[in-house]
Amino acid sequence: MNSLRPIQAIQRGAFLAFALGANTALGGTAAGNPADMSRPFDRYSWVTSHNAFTSNGTIPNQSQTIGRQLDEGVRGLMLDLHYDQGRVRLCHRTCVGNSQTFADLVNKTLLPFLEREPKAIVSLHVEDFTSGRQLVAELDQTPGLVGKTFDPHAWSTPQWPTYDEMVASGQRILIFSLNRDHSGALMTRAGAIHVMPSEVFTVENYWSLGKTIFQHDNGCRSRWNSTTHPLSRREITEKPGWRPLFTMNQFHGVPFKLHASTDNHFERLSERYINHCRPVARRKPNFVAVDFHERGDAAKFATWLTLWAPDALP
């Protein structure tokens, strides 16, 4: 334990310096597009909204629309896809009422946002409960995605391309799917839409801090088999030299808005990273997944991770 104390002291000192100047030095760019776009993509960290689509649901995980989340700097969206009423829709477990279709999210929110923000990159983390036929039929209605989704196999770089290289390429939408059968180049009438299998291109800690707000399991273990998918995995098998992107989940099984400020507090986030996730993942997270992203300090934490937090351990 003694060997950790100097590291913790440095991080807490960095936090104090960051917190004092954050409002004036970072302003509205705290969680949005980086000022320095020259780093490889896996050297950045982003606020990611868990169940981003549920702001109007019975038990919401967010209080803002996805459009508002993007405007406020969220760059990762966790989405559940279900087939209902002849369309692929954004629903949590079951679809209730006239849930938004995936195509409407893309056509009416995501693509217009990227048009307004030409330097933004957005990552979609998809839990897909559809069939391949249903998904491709829905993607047929999003022709604007063609040419904009990130295709890792189109890149010959020895590591993740830099942020500015990705912006210049136009491949500014990264799609990760927990359904590996629906990954690769999905052929639509307009062309290919690229989807990366989450278990190959990412590592992720177990998703829940506990079922209720009275439980706080801060341990950081792999969401998947810790032997075959450890958080410390250094390389993507399909892309030698590329690190898997790390998703750090920080939310409870049942969302509670008033408690989100506690879960999303900078000290709570940084303590979990320094004392629990970094020792096992041996690097900093790229996606910080939270409920009610605007409550607490998720944006400041993600910015601190990008600018100042220590990264890889030997």
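The values are calculated or read from the model by the stated rules, or taken from the named source; none is laboratory data. Note that this is a predicted model, so its numbers are computed, not measured. Using ideal geometry, Cβ is built from the backbone for each residue, glycine included, and neighbour counts are taken over all protein chains shown. We work out accessible area using only protein heavy atoms, side chains counted, and drop any ligands, DNA or RNA first. Shrake-Rupley method; radii C 1.70, N 1.55, O 1.52, S 1.80 Å.
Which links in Lys108/Lys300; Lys119/Lys300; Lys148/Lys300; Lys108/Lys148 stretch past 22 Å when you go from one Cα to the other?
Violating the 22 Å limit, Cα to Cα: Lys108/Lys300; Lys148/Lys300.
Nearest 5 is fine: what % of DSSP beta bridges in the chain come out antiparallel, could you say?
Counting DSSP beta bridges with both partners in the chain, the antiparallel share is about 35 percent.
Can you tell me the orientation of helix 298-307 relative to the chain, as the angle in degrees between its alpha-carbon axis and the longest Cα principal axis, to the nearest 10?
70 degrees
Considering only the other residues whose Cβ falls under 12 Å of the Cβ of Ile193, what net charge follows from Lys and Arg at +1 and Asp and Glu at -1?
-1
Between Asn275 and Asp36, what is the FRET efficiency for a Förster distance of 41 Å, r being their Cβ-Cβ separation, to the nearest 0.05?
0.90
Please report, in Å, the Rg and the Dmax of the stretch 217-274, where both are computed over Cα atoms only.
14.5, 44
Need the C-alpha centroid separation for the stretch 82-120 versus the stretch 213-278, integer Å.
Using only Cα atoms to place each centre, the spacing works out to 26 Å.
Can you classify the stretch 159-245 as rounded, prolate or oblate using the Cα gyration tensor, where a ≥ b ≥ c are the square roots of its eigenvalues, rounded means a/c under 1.5, and otherwise it's prolate if a/b beats b/c and oblate if not?
prolate
Leaving out ligands and nucleic acids, and using a 1.4 Å probe, what accessible area per residue does the chain come to in Å²?
43 Å²
Run the helix sum for the chain: -39,500 (n - 2.57) per DSSP H stretch of 4+ residues, divided by residue count, reported at 222 nm to the nearest 500 deg cm²/dmol.
Taken over the chain, the calculation gives -7000 deg cm²/dmol.
Answer rounded, prolate or oblate for the stretch 95-150, using the Cα gyration tensor with square roots of eigenvalues a ≥ b ≥ c: rounded when a/c is under 1.5, else prolate when a/b is larger than b/c, else oblate.
prolate
To the nearest 20 Debye, how big is the dipole of the stretch 42-175 about its Cα centre, given +1 on the beta carbon of each Lys and Arg and -1 on that of each Asp and Glu?
Dipole about the Cα centre, nearest 20: 160 debye.
Indicate the gyration tensor shape class of the stretch 130-183 (rounded, prolate or oblate), computed on the Cα atoms with a ≥ b ≥ c the square roots of the eigenvalues: a/c under 1.5 is rounded; otherwise a/b larger than b/c is prolate and the rest oblate.
Verdict is oblate for the stretch 130-183.
For the chain, set up a GNM with springs between Cα atoms under 10 Å and report which of Asp217, Asp128, Asp297 has the largest fluctuation.
It is Asp217.
Test of the criteria: in the stretch 152-215, which trypsin sites (Lys or Arg not before Pro) are in a DSSP loop and have at most 11 other Cβ atoms within 10 angstrom of their Cβ?
Of the trypsin sites (Lys or Arg not before Pro), the ones in loops of the stretch 152-215 whose Cβ has at most 11 other Cβ atoms within 10 Å are Arg189, Lys211.
Roll a 1.4 angstrom probe over the protein heavy atoms and tell me the percent of accessible area of the stretch 143-184 that is carbon or sulfur.
48 percent
Under 10 Å, Cα contacts only: if you run a Gaussian network model on the chain, which one of Ser49, Ser38, Ser123 comes out with the highest mean-square fluctuation?
Maximum fluctuation in the GNM of the chain, among the listed residues, is at Ser38.
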